[in-house]
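**Q** My questions all concern the structure below.
The values are calculated or read from the model by the stated rules, or taken from the named source; none is laboratory data. Since this is a predicted model, take the numbers as computed values, not measurements. When we count neighbours, we look across all protein chains shown, and the Cβ atoms used for this are built from the backbone with ideal geometry, even at glycine.
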Amino acid sequence: MANEETIKTELSRKFSFLADKIVIQRVRRIFVDVPQERFHDVCEFAAKKMEFSNLCIITGLDDGDNLQFIYHLARMDGIVLNLRTTAPKSNPVIKTITDIFPGGVIYERELIDLLGAKVEGIPHGKRYPLPDDWPANQFPLRKDWKPEMLEGLSGRKEEAKNG
Amino acid sequence: MARVTIPIGPQHPALKEPESFIVTLNGENIVNLDMRLGYNHRGIEKACEQRTYVQALYLLERVCGICSHSHSSCFIQAVEEIAGLQLPPRAVYIRTLIAELERVHSHLLWLGVAGHEIGFDTLLMYSWRDREAIMDLFASLTGNRVNYGMNTLGGVRRDFTKEQLTEVLKVIDICEERTKYYIEVCTQEPTVINRLSGVGTLSHDDAVRLGTIGPTGRASGVNKDVRREDPYLAYGDLSFNVIVDNHNDVFGRAVVRLLELMETYKMIRQIIAKMPDGPITVKAPRKVPAGEAFSRYEAPRGEDTHYVKGNGTDKPERVRVRAPTLANLQSVAKMLENNNLADLPIAIAAIDPCFSCTDRMIGTISSTGARDSIRWDNMRNYSIKWYRKQGIDFTDLNRKLAKKQE
């Protein structure tokens, strides 16, 4: 796991606040907790200086009071750097990473639709993946969301009844 | 010339799955492409959180009909990592065998669809006939043509006899001969070469920038294959080449898939030759400890990833799926810039898209169990309104058509 250790050293040298936040989970898997305010810098450094040029996916999680976001970045040698950051549910604002990974826009749209994240600076475009008439403030991947909450709220359903 | 905007989909003329492309044209040339996806969003990730790991496994297998084994294996290897389960070698080899057979049927399916999109339906009939041999093989090995249900937590559910494995080798020999013939057709037949060359071009830099993966990326020189870089299952023990091509167009994508088939046949022979004896499962706990894992898997269409988080119960806390098409769709708009409208079906088909996979997630079944039905005229009015919102109005056209009928 020499390469994994090198990555750990390099990251903690560049960002001293990460020193005790890097966990090598197993060969080729590294998890790092990154504070929200420095997240963009760390992400950019990993992508441009450490060759983690492939954003596999962004996972969004609801962990009670906070929303958690894990950015899974992969490199040609098979190592995956999982950068984790959190934002409070009361104000879940994160900054877009589409300036680093243009292909990441669709994953950010999913965070907006399914978890109610607010992504600052995301390019204008169509929503994904929920329907156009999905009610506002209903985020299906939040733990307190139940399918029953949809009952009677769909505009399309009303139209069908009236029609 | 005035620009014209036309809608392609949600009922797509080329594919049997719904997605919507709003295409802006200057004459015959595509100037801009705007996509709307999500028509197949079924809420599978949410549904997994309310099911046990084993139930979620069979639900996730239904994310996609073609690469069902990919999703189920990708998920279960993440769960097994969290649970700390060590699979018996024979189970690993059986999983790998099914994975590679799946690649054969998926690539042959693609070849047929590609043939169909360029009006070469003989190729569709031929390659789908050959694909049937693999489907029959699946039926005899697993009991099903699709959604094989081979995986379980801690191993596989069926063992294969020597005779069954010999049968696999026989079918593979036939498919290999046929694939050689298709390679000849696609690389020597002038009509195919001319129809596919220079269509849907994606430069190497754009492919890297947009995170293109799988055969689509490899045809633009992106030398990436999870089976080699992040070996899982038995891939670390197998020798194979990763096929990379620099044509950057639909022709290159066809070549990559066909040559990949030859590598797959090689791998299947190695798997069967090396197949270890022994048990096919280890005893697995019902409850999985708290922890998380990120699993990668080279599906026929490219890298499939699953993130699983366990919370110590028998149900996952979170399951996150990224099917290859979602990553590759970003490149479609780029590929189609300045292409002819008539090239759109084959260029889209060339990423081998799977929109069920992409959206993977809610039928309108209400909590009372009643299904919503929508009448034809309501649906028609809804669609007219919807298109108007997108800036497309059919009223003029309808009036003209009505006049003609008079």
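**Q** Step by step: first the residues of segment B:104-122, then only those that are more than 18 Å from residue B:177 (Cβ to Cβ) and not hydrophobic (A, V, I, L, M, F, W, C), then the one that is surrounded by the most Cβ atoms within 10 Å (Cβ to Cβ). Which residue is that? Before you say what the answer is, go through the steps one by one.
**A** Step one: list which residues in segment B:104-122 are more than 18 Å from residue B:177 (Cβ to Cβ), which gives B:106, B:109-110, B:113-121.
Add one more test, that the residue is not hydrophobic (A, V, I, L, M, F, W, C), and what stays is B:106, B:115-117, B:119, B:121.
Values: B:106: 23, B:115: 25, B:116: 19, B:117: 22, B:119: 11, B:121: 11.
Step by step, filter segment B:104-122, then rank; the result is B:115.
**Q** Identify the residue in segment B:288-342 that is in a loop (DSSP other than H, G, I, E, B) and within 11 Å of chain A (Cβ to nearest Cβ) and, among all such residues, is surrounded by the fewest Cβ atoms within 10 Å (Cβ to Cβ).
**A** B:311
**Q** What number goes with the only condition from (1) crowded, with 24+ Cβ neighbours inside 10 Å; (2) outside any helix (DSSP H, G or I); (3) under 19 Å from the mean Cα position of the chain (by Cα) that residue B:252 does not pass?
**A** It is condition (2) that residue B:252 fails.
**Q** Every residue in segment B:129-158 that is charged (D, E, K, R) and in a loop (DSSP other than H, G, I, E, B), please.
**A** Once the filter is applied, which keeps residues that are charged (D, E, K, R) and in a loop (DSSP other than H, G, I, E, B), segment B:129-158 yields B:145, B:157, B:158.
**Q** I'd like the full set of residues that are closer than 18 Å to residue A:129 by Cβ and in contact with a strand residue (DSSP E or B) (Cβ under 9 Å, 6 or more places away or on another chain), limited to segment B:26-45. Quick ask: steps written out before the conclusion?
**A** Applying the first criterion (closer than 18 Å to residue A:129 by Cβ) to segment B:26-45 yields B:34-45.
Across segment B:26-45, the qualifying residues are B:34, B:35, B:36, B:37, B:39, B:44, B:45.
**Q** Still on this structure, please answer the following. Listed residues B:76, B:82; which is crowded, with 21+ Cβ neighbours inside 10 Å, modelled with pLDDT of 95 or more and within 25 Å of residue B:296 (Cβ to Cβ)?
**A** Answer to the check: B:76.
**Q** Something else about it: Would you check which residues across segment B:383-397 are over 14 Å from residue B:6 (Cβ atoms), surrounded by 12 or more Cβ atoms within 10 Å (Cβ to Cβ) and more than 31 Å from the chain's Cα centre (by Cα) and list them?
**A** Listed by number, the residues that qualify are B:384, B:388.
**Q** Select from segment B:203-249 the residues that are in a helix (DSSP H, G or I) and aliphatic (A, V, I, L, M) and write down the one among them that is farthest from the other protein chains (Cβ to nearest Cβ).
**A** Once the filter is applied, the top-ranked residue is B:207.
**Q** Still on this model: Scan segment A:65-88 for residues that are more than 22 Å from residue A:45 (Cα to Cα) and either at pLDDT 95 or above or among the polar types (S, T, N, Q) (or both) and jot them down.
**A** A:66, A:67, A:88
**Q** Which of the numbered conditions does residue B:277 fail, given that it passes all the others? Conditions: (1) closer than 30 Å to residue B:154 by Cβ; (2) within 14 Å of chain A (Cβ to nearest Cβ).
**A** Residue B:277 satisfies all of (1) closer than 30 Å to residue B:154 by Cβ; (2) within 14 Å of chain A (Cβ to nearest Cβ) except (2).
**Q** Additional query: For segment B:343-406, list the helices (runs of 4 or more DSSP H) that sit wholly inside it and hold at least 2 residues that are at pLDDT 70 or above; which are they? Don't jump to the end; show me each part of the working.
**A** Working: elements: B:344-349, B:355-359, B:376-389, B:395-405.
Helices (runs of 4 or more DSSP H) meeting the threshold: B:344-349, B:376-389, B:395-405.
**Q** Tell me, which residue of segment B:77-110 that is of a type in the set (Val, Ile, Thr) and within 27 Å of residue B:169 (Cβ to Cβ) is nearest to the chain's Cα centre (by Cα)?
**A** Top of the filtered list is B:104.
**Q** Does at least one position in segment B:91-109 carry a residue that is out of contact with any Pro (no Cβ under 7 Å at 6 or more places or on another chain), more than 14 Å from chain A (Cβ to nearest Cβ) and assigned to a loop (DSSP other than H, G, I, E, B)?
**A** No: zero hits.
**Q** Residue under question is residue B:148, and the condition is that it be more than 21 Å from residue B:54 (Cα to Cα) and either of a type in the set (S, T, N, Q) or crowded, with 18+ Cβ neighbours inside 10 Å (or both); does it hold?
**A** The answer is no for residue B:148.
**Q** If a residue must be farther than 18 Å from residue A:6 by Cα and of a type outside the set (D, E, K, R), how many such residues does segment A:72-93 contain? Write out each step before concluding.
**A** Our first condition is that a residue be farther than 18 Å from residue A:6 by Cα; within segment A:72-93, this holds for A:72, A:84-93.
Applying the additional criterion that residues be of a type outside the set (D, E, K, R) yields A:72, A:85-88, A:90-93.
Residues meeting the conditions: 9.
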